[in-house]
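Encoded as structure tokens, the structure appears first; notes follow it.
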Amino acid sequence: MLRSGKSLLLAPFFLLVASAAPFTISVNFTGGLTLTQQAVFTTAANTWMSLLPSYQTGINISALTINAAGAAIDGVGGVLGSAGPDTVTSQGGFVLATTGSMDFDSADLANMEANGILLPVILHEMAHVMGFGTLWTNNGVYINNSGQYTGPAALSTYQTEFSQPSATFVPVELGGGSGTANGHWNEVDGGGALTGIVSPLGDMRYELMTGWISSQYFISQTTVASFVDIGYVAASTEVPEPAPMALLSIGLLAIGALRRRVR
């Protein structure tokens, strides 16, 4: 869940493991979204596929299918919607999403589009469908309520990228209540101050996958590496910045409880 309260920058990232089956996001628009809103979903999907072009060896998923919809919920503000994986598969030693949903209040979609923040919000929530925060415990990289993400790829990257050479974990948010805690990188509760943990692209406060939104965003190498920890392969070259907006083999398992409410 992303709380409102970041122009989007993408960090360079380098190949960590050998590529295998391509990672493909297929967005199925099921109603309530305008053509311009659908285009933002497509841009977000293309961004993540560029950053994470394939799965690791031993994983064969034809596509991650995301059902995206807009519907009247409670008007502007309040609950924006929900997003997360719906079914998963266990392959290659990982648990990965195969289907997911992203449902938003149509009134808030229009408001976010008008305010120019729809792209980072969709990028953020799509990452949850892909497993960020929602499949960490399933993949053994996070113990719930510990506040300590220990996946080796992200931890190693965090130590370098954010100048934290002695860190033994990446700090995870424990504040903000259900939907924010245990599923985002840590920042000052409410997003009201700088953290002092800084990468070349900015303070962790402005990283895309923290729990609060502010005036600018960047996707850190640490975030990309966290997907390597749960079965993806990172791109070997820098990814172009998207157009800015102001702004298992063991069968399928139902995991609707992992959907995150967006407020």
Need the failing condition index for residue 142 against (1) surrounded by fewer than 22 Cβ atoms within 10 Å (Cβ to Cβ); (2) in contact with a strand residue (DSSP E or B) (Cβ under 8 Å, 6 or more places away or on another chain), just the number. (1)
Residue tally, condition closer than 17 Å to residue 27 by Cα and either of a type in the set (D, E, K, R) or surrounded by fewer than 22 Cβ atoms within 10 Å (Cβ to Cβ) (or both), over the stretch 74-115: 7
When you scan the stretch 218-239, do you find a residue that is under 28 Å from residue 108 (Cα atoms), under 18 Å from the mean Cα position of the chain (by Cα) and at pLDDT below 95, even just one? no
Among (1) of a type in the set (Gly, Ala, Ser); (2) within 14 Å of residue 221 (Cβ to Cβ); (3) surrounded by fewer than 19 Cβ atoms within 10 Å (Cβ to Cβ) - the single one residue 151 does not satisfy: (3)
Going by what's in this entry, would residue 180 be described as modelled with pLDDT of 95 or more, in contact with a strand residue (DSSP E or B) (Cβ under 8 Å, 6 or more places away or on another chain) and not in a helix (DSSP H, G or I)? no
When residues of the stretch 70-101 are limited to those that are of a type in the set (A, V, I, L, M, F, W, C) and modelled with pLDDT under 95, the one nearest to residue 234 (Cα to Cα): 83
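Yes/no per residue for (1) within 24 Å of residue 135 (Cα to Cα); (2) of a type outside the set (Val, Ile, Thr):
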{"position": "159", "(1), (2)": "yes, yes"}
{"position": "168", "(1), (2)": "yes, no"}
{"position": "178", "(1), (2)": "yes, yes"}
{"position": "181", "(1), (2)": "yes, yes"}
{"position": "186", "(1), (2)": "yes, yes"}
{"position": "192", "(1), (2)": "no, yes"}
{"position": "195", "(1), (2)": "no, no"}
{"position": "200", "(1), (2)": "no, yes"}
Going through the stretch 139-154 in order, the residues found to be touching a helix residue (DSSP H, G or I) at 6+ places or on another chain (Cβ under 9 Å) and over 18 Å from residue 233 (Cβ atoms) are 143, 144, 149
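The values are calculated or read from the model by the stated rules, or taken from the named source; none is laboratory data. These numbers come from a predicted model, not from an experiment. Cβ sites come from the backbone with ideal geometry, for glycine too, and all protein chains shown count toward neighbours.
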